[in-house]
Amino acid sequence: MKFKKPLTQKRLDAYTLTEILVVLVIIGIIILLALPNLLPLITKAKSMEAKEQLAHIQMLEKNYFYEYSKYSTDLKELGFIQEKLTTEGKDGRANYRIEITSATNTGFTAKATSVVDFNGNGTFNVWEINQDKTLHEVTPD
């Protein structure tokens, strides 16, 4: 008759702590090698937020112009709601502050300024758009 060993005395196949730590160190080294190559892609992806928001502002301004025959400097008047910025708390999602820098009866200029230095070089990304939907990067990051 064969007796079963209690579960606490049974030897289980598993990885040792040393093996797990070695794998984590290797993964960390690979990430450190790949990160500098990925930073420009991260910046480019985050700048898409500015482009999309400014295109939305341009559409709102165009609709406002058709109704009132002038452009507005007030975002609330246009119906634009600024998302909470990432610097304003843990639930903030927006990386760009949107503002309308000038508006007349014939044109407007809106600006998106990043609130985060994406690549850590001390400059903040700035994009501008006008009534003709001309979008350009004023300050690259």
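Only residues that are modelled with pLDDT under 95 and β-branched (Val, Ile, Thr): list them for the range 102-111, please.
If the condition is that a residue be modelled with pLDDT under 95 and β-branched (Val, Ile, Thr), then 104, 106 are the ones that fit.
So which residues in the range 96-141 are of a type in the set (Phe, Trp, Tyr) and more than 21 Å from residue 44 (Cα to Cα)?
Answer for the range 96-141, where residues must be of a type in the set (Phe, Trp, Tyr) and more than 21 Å from residue 44 (Cα to Cα): just 108.
Filter the range 80-89 down to residues that are surrounded by 11 or more Cβ atoms within 10 Å (Cβ to Cβ) and not polar (S, T, N, Q) and give me whichever is farthest from the chain's Cα centre (by Cα).
Residue satisfying both the conditions and the ranking: 80.
Of the residues that sit in the range 33-45 and are of a type in the set (A, V, I, L, M, F, W, C) and surrounded by 12 or more Cβ atoms within 10 Å (Cβ to Cβ), which one is nearest to the chain's Cα centre (by Cα)?
Restricting to residues being of a type in the set (A, V, I, L, M, F, W, C) and surrounded by 12 or more Cβ atoms within 10 Å (Cβ to Cβ), the top hit is 42.
Given the structure, is residue 76 out of contact with any His (no Cβ under 8 Å at 6 or more places or on another chain) and touching a residue at least 24 places away in the same chain (Cβ under 8 Å)?
In short, no.
Pull up the range 99-109, narrow it to residues that are assigned to a loop (DSSP other than H, G, I, E, B) and β-branched (Val, Ile, Thr), then point me to the one that is surrounded by the most Cβ atoms within 10 Å (Cβ to Cβ).
Once the filter is applied, the top-ranked residue is 104.
How many residues does the range 42-98 hold that are within 13 Å of residue 112 (Cα to Cα), in a helix (DSSP H, G or I) and acidic (Asp, Glu)?
2
Considering each residue of the range 112-131, count those that are in contact with a Leu (Cβ under 8 Å, 6 or more places away or on another chain) and either of a type outside the set (Asp, Glu) or buried (at least 19 other Cβ atoms within 10 Å of the Cβ) (or both), and give that number.
Adding up the residues that qualify gives 6.
Within the range 46-72, take every residue that is hydrophobic (A, V, I, L, M, F, W, C) and closer than 15 Å to residue 108 by Cα and give me the one that is farthest from the chain's Cα centre (by Cα).
Ranking the qualifying residues of the range 46-72, first place goes to 65.
The values are calculated or read from the model by the stated rules, or taken from the named source; none is laboratory data. Keep in mind it's a predicted model, so treat the numbers as computed, not measured. Cβ sites come from the backbone with ideal geometry, for glycine too, and all protein chains shown count toward neighbours.
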